Amino acid sequence: MRSMKQVHPVSRRKESQLEEVEEIFRKLGKKARDTVVIVEGKKDRSSLRKLGVEGKIVCMKNSRRVLVDFLDQLKCREVILLVDFDAYGSALVRTITQYLEAKRVKVNTVFWKRVRRLVGRYVKDVEGLPSYVEKLKKSPHS
């Protein structure tokens, strides 16, 4: 009789979640080469860099401008929105999407929705993503 290594169901879920998160950020990294990514602050930008996202990442809170002024200074046809996953972030997504789409700017919220759905119970902000990914990498069997 062969001995088969038992894999705990929680372990499989974490491995699957890690693979999905890594795939999301691989795709975001590719898309961000040609598209502006909007985040809330510097720590969010730093977190995306740690996850391998390159390209132009702009911070709303660092602009020292009112949100409308910040959005008006964007000169692009498409943006990727990646803000926090809490109630404030949800409201921000609605507000920014409505405003920019009225100006004929395509707002990509696919990455935000996928990450929020996947890790929103565990991570409430963008800056927490790298440590969560590291936690998944280090403890696949817990």
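If I go through region 50-87 residue by residue, how many of them are assigned to a helix (DSSP H, G or I) and loosely packed, with under 13 Cβ neighbours inside 10 Å?
Applying the first criterion (assigned to a helix (DSSP H, G or I)) to region 50-87 yields 50, 61-63, 67-73, 87.
From what's left, loosely packed, with under 13 Cβ neighbours inside 10 Å: 68-69, 73, 87.
So the count comes out to 4.
Do we find a residue being within 18 Å of the chain's Cα centre (by Cα), among the aromatic types (Phe, Trp, Tyr) and surrounded by fewer than 20 Cβ atoms within 10 Å (Cβ to Cβ) anywhere in region 108-127?
Looking only at region 108-127, we keep the residues that are within 18 Å of the chain's Cα centre (by Cα), and these are 108-127.
Now restrict to residues that are among the aromatic types (Phe, Trp, Tyr): 111-112, 122.
Cutting the leftovers down to surrounded by fewer than 20 Cβ atoms within 10 Å (Cβ to Cβ) gives us 111, 122.
Yes, region 108-127 has at least one match.
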Self-check item: Odd one out for residue 95 among (1) more than 16 Å from the chain's Cα centre (by Cα); (2) under 20 Å from residue 116 (Cβ atoms); (3) surrounded by 15 or more Cβ atoms within 10 Å (Cβ to Cβ)
Solution: (3)
Exercise. Might you let me know whether region 11-27 holds any residue that is surrounded by fewer than 17 Cβ atoms within 10 Å (Cβ to Cβ), of a type in the set (Ser, Thr, Tyr) and at pLDDT below 95?
Key: yes
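Can residue 127 be described as acidic (Asp, Glu) and touching a helix residue (DSSP H, G or I) at 6+ places or on another chain (Cβ under 6 Å)?
Numbers: acidic (Asp, Glu): yes; touching a helix residue (DSSP H, G or I) at 6+ places or on another chain (Cβ under 6 Å): yes.
Criteria met by residue 127.
Return yes when residue 96 is free of Cβ contacts under 8 Å to residues at least 60 places away in the same chain, of a type in the set (Val, Ile, Thr) and in a helix (DSSP H, G or I) and no when it is not. Give the steps one after another, and end with the answer.
Numbers: free of Cβ contacts under 8 Å to residues at least 60 places away in the same chain: yes; of a type in the set (Val, Ile, Thr): yes; in a helix (DSSP H, G or I): yes.
Criteria met by residue 96.
The values are calculated or read from the model by the stated rules, or taken from the named source; none is laboratory data. None of the values given here were measured: they were computed from a predicted structure. Cβ atoms come from the backbone with ideal geometry, glycine included; neighbour counts cover every protein chain shown.
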